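The values are calculated or read from the model by the stated rules, or taken from the named source; none is laboratory data. Keep in mind that what you see is a predicted model, and the values were worked out from it rather than measured. Don't worry about glycine lacking a Cβ; one is built from the backbone with ideal geometry, like all the others, and counts go over all protein chains shown. Please note that ligands, DNA and RNA were not included when accessible areas were found on the heavy atoms of the full protein model with its side chains. Shrake-Rupley method; radii C 1.70, N 1.55, O 1.52, S 1.80 Å.
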Amino acid sequence: MRLELIKRPQQSPLFSALSPFLALGLTLIAGAIMFLALGKNPFSALYFFFIDPLLEVWSLHELAVKAAPLILIGVGLSICYLSNNWNIGAEGQFIVGAIAGSILPILFPAFQSWIVLPLMLLMGIAGGAAYGAVPAVLKARFGTNEILTSLMLVYVAQLFLDWLVRGPWRNPEGFNFPETRNFHSYAILPEMLPASGRAHWGFAFAIIAAILLWFMLARTLKGFEVKVIGQSPRAGRFAGFSRTRMIIFAFLVSGGLAGLAGISEVSGAIGQLRPSISPGYGFTAIIVAFLGRLNPLGIIAAGLVLALSYLGGEAAQISIGVTDKVARAFQGMLLFFVLACDTLIHYRIRLVKPAPALAAAPANERVEKHA
Amino acid sequence: MVMGTNDKGGENAAYSQMGGVVKTTLTDDSGLLLDVRGLTKVFGSLKACDAVDLTIGRGEIHALLGENGAGKSTFVKMLFGALEPAAGTILWKGNPVAISSPGEARRLGIGMVFQHFSLFDALTAAENIMLSLEDGAQINTVAERARKVSEAYGLPLDPYAHVGDLSVGERQRIEIVRCLLQNPELIILDEPTSVLTPQEADKLFETLETLRSEGRSILYISHRLEEVKRMCDRATVLRHGRVVAQCDPRQETASSLARMMVGDEVKGVERGARGGDKGNALLEVRRLSSRAAHPFAVELSDITLSVRAGEILGIAGVAGNGQGEFFEAISGEVLQEDADVVRIRGQSAGRLDITGRRLLGAGFVPEERLGHAAAPLLPLSQNLLLSRYSTDAAAFLAPLGFIRYGAIARAAKRIVDAMDVRKSTEDPEATALSGGNLQKFVIGRELDRRPGLMVVDQPTWGVDAGAAARIRQALIDLAKEGAAVLVISQDLDELFEICDAIAVMHKGRLSAPLPIAEATYEKVGLLMGGAHAGDPQARTEEMA
């Protein structure tokens, strides 16, 4: 017995639209089963995981803090994926953006002016974009596989950050802890509503970026170019669009946005560099991009959902005493179900029994032929 | 030409030596092999097949005729198990069957040779055949069986040749041999001669005669009416998904068959008076050569031609002789090293990309409609933008590159009306259109901007008679208005119908153009087979 996927001649538009919601529903069911297996009451566990974090204002702020980098990175990735460029290295671009943006407050702490923050943001964008350009140039010039190169560069970036904060950038007044000096007040990305919670302007950047990219994709010639090249490189060439320039463009945009996410996270939420500055935002954003169906507005919603899974993981540790790895399990299940729903919308499953039983008659005939 | 009947005895002896390959139940009874009743398929609001009845007897060659979008492909896909019928029954040898997959169809004894081949270039013929067999035979056994079948049916084939090195005709032979190895009783052929030279097509007809004489049945899909009249015992004509006629094609004329297909008389193409005096050369190509970009590409060598205003130059040739490479070099999808190699309207264009050449007034229509001329999942209106965003930037784009959707929708509607493009919704995705209708659209897209130079690769490939006539007329009208038109085509009838001169491309070289008054099918056919213009004699002997 084996399974075969058969392409459906027509896809249901209804189920294509429902797919993300189906995936969410299936994730909740699977999550309930998981909690049951852990010996917890699945209903109260799901409540603490997905509902409780939404009931307090400060907690909503936390949601925005977590959603900001996911949305920023996710919308950038949507440009990449729509144009058929598989950037898996947003985590690395996020880290390099954070490092590049932190140069001013760490190396020049005496330079204090209102201009510091805008410069930091620009340097963060430039850093992320430059790091994204590496796999882009390799792909455009030498035809390397960008999935491998961009992913491998993530580990380079992580180790480089680790070395910086333990070595040259370690805070001289920091009792040898592996962290840089704290950013001065001109280098801090302010909170949007300081009275009620921690959400910084990074979330506003994310919403603005999503709306701008939505306009670009839906309304402009550049967005048209992205879609044409992604769907059919030959049609793109016939239109006179350059595939090489598109590779560079897509990686620069997504790298730049990941870099902006990185410097916003560091200057908005953390306030210094540490050996680890991201709980895997760059990878989780891949889920965000697909759950949002590569549509920047959908990605805003998807980013909030995935941010909730991070918050829920933290909340569940405290209130029901399970490990925060549960959050990772939820994210994994969500991606699995999104991809599974999409696959089953395009294909149906057929069971194939072992060949001899079904093909008995023709098989005999062939035996005769050989004889 | 078809071999004399006296050869048949010897050939039949050869089949009987082949053991089980032709062993069938042919002698059982004289009942119908296939009896299809009320077969229906619905896509959304469109009835692609509406209660289609069709019967095929043993040893019959049955033609399935119809315009593009008439439901032919949908019908055979249901017979071959690639689509599931919404209603209707299929009786196979008198028993109702449900054909749920191509594998199931093959087990019943239905084989199919597709219009677009499904072969891997990098594998040998035998390896490709082995992939489709389900019995896990060794490669040597498969090669031996393939060789035997190919010899018995007059389909010469080297099982160890790489598919990438073979001509289209040879690739088709692999497909047919692969199909015959399944020992089918019904063989479905989808537009088989559209890729062959006249001489190759004649060889195919001999093979079909042999298959018929063994009692196998053939369902033959074609839009070439002369061929159908010559080969087929009966014909079923589809229009808009319904059977409109069943007839004996030998009793009909080509124009009466065409009338059944389109519902009224197909208008012949009007050439009008051809002035002897043409204008300036609008396209000049001088000593164009290119290296092969990949192992299966064809090198172009030393191609020189010019097309003047008001002239239609045809380039004949069997597919895969460099036409695709030539088109890309002219269109600017591939640049030349020397800017003077290609000149458009007197300007050096060799270093300009396709956008730059369009801005000089050239329009291009490549061979492949989906995935080259059009992006499959974008709506028609946006596919209009694909080739026109630079030439019509003032009309279609607002500042900052914003797209004027209203303007492109109106322009798309204008083209749809002008070319009579039939579609099921207001602005469907390109992939939702039938091949002929999409072709009308991509040609109309260029005509709509009145290009000074039009380069078209295979303008009516797989397009029905009505649409083809419309496209050819449009090209002639364009030339009359003073444009230069370059038509690359494998369809000789088409080239003879519309061109002022015909050149032949063979292995990346281009013959000198033959003025239409001097060109004959035989001369062109021999050049297509590789003879030099000077000595057709040598080639004739080789073929005999």
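With the simple spin-label model, which puts each label point 7 Å out from Cα in the Cβ direction, the B:Phe402 to B:Ala122 separation comes to 4.8 nm. Ordered by residue, what ³J(HN,Hα) values in Hz, to whole numbers, does segment A:203-218 give under the Karplus form 6.51 cos²θ - 1.76 cosθ + 1.60, where θ = phi - 60° and Gly and Pro are x? Values per residue, Gly and Pro as x: 5, 5, 4, 4, 5, 4, 4, 4, 5, 4, 5, 4, 4, 4, 5, 8 Hz. Checked against a 21 Å cut-off, the cross-linked pairs A:Lys7/B:Lys41; B:Lys77/B:Lys440; A:Lys139/A:Lys227; A:Lys227/B:Lys41; B:Lys229/B:Lys523; A:Lys227/B:Lys423 give Cα-Cα distances beyond that limit for B:Lys77/B:Lys440; A:Lys227/B:Lys41; B:Lys229/B:Lys523; A:Lys227/B:Lys423. Fraction of C-alpha pairs exceeding 38 angstrom in chain B: 31 percent, rounded to a whole number. Between rounded, prolate and oblate, where does the protein assembly as shown land on the alpha carbon gyration tensor, with a ≥ b ≥ c its root eigenvalues, rounded for a/c under 1.5, else prolate if a/b exceeds b/c? It is prolate, given that a/c is not under 1.5 and a/b is the larger ratio.
Within 10 Å of the Cβ of each residue in A:219-225, the mean number of Cβ atoms contributed by other protein chains is 6.
Only residues of segment A:41-81 count here: report those whose backbone N is under 19 Å from the spot 7 Å along Cα→Cβ of A:Leu193, or say none. What the label zone holds, given the 19 Å backbone N cut-off, is A:52-69.
Taking a ≥ b ≥ c as the square roots of the eigenvalues of the Cα gyration tensor, segment B:62-144 is oblate, since a/c reaches 1.5 or more and a/b is not larger than b/c.
Taken one residue at a time, the phi angles of segment B:343-350 give Karplus couplings (6.51, -1.76, 1.60, θ = phi - 60°) of 10, 10, 6, x, 9, 5, 10, x Hz. Gly and Pro are set to x.
Around the Cα centre of segment A:246-349, unit charges on the Cβ atoms of Lys, Arg, Asp and Glu (plus for the first two, minus for the last two) sum to a dipole of about 160 debye. When peptides B:504-510, B:322-328, A:216-222 are sorted by average Cβ neighbour count within 10 Å, with the highest value leading, the order is B:322-328, B:504-510, A:216-222. Measuring r between the beta carbons of A:Ser242 and B:Asp340 and using R0 = 25 Å, the FRET efficiency lands at 0.55.
Among A:Ile103, A:Ile95, A:Ile188, the largest mean-square fluctuation in a Gaussian network model of chain A, built with springs joining Cα atoms closer than 10 Å, belongs to A:Ile103.
Label separation (A:Leu159 vs A:Leu54): 4.3 nm, computed from points 7 Å beyond Cα along the C-beta direction.
Rolling a 1.4 angstrom probe over the protein heavy atoms with all chains in place gives the protein assembly as shown an accessible area of 42 Å² per residue. For the peptide A:189-197, the mean number of other protein chain Cβ atoms found within 10 angstrom of a residue's Cβ is 0.
In peptide B:100-110, what is the residue-averaged number of other protein chain Cβ atoms found within 10 Å of each Cβ?
2
In this structure the amide hydrogen of B:Arg509, modeled in the peptide plane, comes within under 5 Å of the amide hydrogens of B:Ser301, none closer than 5 places in sequence on its chain. Take the Cα of A:Leu339, go 7 Å toward its beta carbon, and the backbone nitrogen atoms of segment A:291-318 under 16 Å from that spot belong to A:291-294. Ignoring aspartates and glutamates fewer than eight residues from B:Lys413 along the same chain, the ones with Cα atoms less than 20 angstrom from its Cα are B:Asp392, B:Glu426, B:Asp427, B:Glu429, B:Glu446, B:Asp448.
Extension gain for the segment A:Ile211 to A:Glu173, taken as residue separation times 0.36 nm less the Cα-Cα distance, is 9.4 nm to one decimal.
In segment B:30-262, a dipole from Cβ-located charges (positive for Lys and Arg, negative for Asp and Glu) runs towards its positive end, and of B:Val76, B:Leu32, B:Gln199 it is B:Leu32 whose Cα lies farthest in that direction. Taking the Cα atoms only, what angle lies between the long axis of helix A:13-37 and the longest principal axis of chain A, rounded to 10 degrees? The angle comes out at about 80 degrees. Distant-in-sequence amide contacts of B:Ala349, defined by a placed amide H-H separation under 5 Å and a gap of 5 or more residues or a different chain, comprise B:Val342, B:Arg343, B:Ile344. Projecting the Cα positions of A:Leu70, A:Tyr47, B:Leu475 onto the charge dipole of the protein assembly as shown (unit charges on Cβ atoms of Lys, Arg, Asp and Glu, taken about the Cα centre) puts A:Tyr47 furthest along the positive direction. Label separation (B:Val244 vs B:Asp417): 2.5 nm, computed from points 7 Å beyond Cα along the C-beta direction. Highest GNM mean-square fluctuation among A:Gln272, A:Gln11, A:Gln112, for chain A modelled with Cα contacts below 10 Å: A:Gln11.
The HN-Hα couplings worked out from phi for segment A:311-318 by the Karplus form 6.51 cos²θ - 1.76 cosθ + 1.60 (θ = phi - 60°) are 4, x, x, 5, 5, 5, 4, 6 Hz, whole numbers, x standing for Gly and Pro. If R0 equals 45 Å, the separation of the Cβ atoms of A:Ala204 and B:Glu84 corresponds to a calculated FRET efficiency of about 0.30.
Calculated FRET efficiency, B:Tyr160 and B:Arg410, Cβ-Cβ r, R0 60 Å, to nearest 0.05? It comes out at approximately 0.60. Remark: relative contact order (chain B) = 15 percent; criterion is Cα-Cα distance under 8 angstrom and separation of 6 or more residues. Projecting the Cα atoms of A:Thr343, A:Ala129, A:Met192 onto the charge dipole of the protein assembly as shown, computed from C-beta unit charges around the Cα centre, puts A:Met192 farthest toward the positive end.
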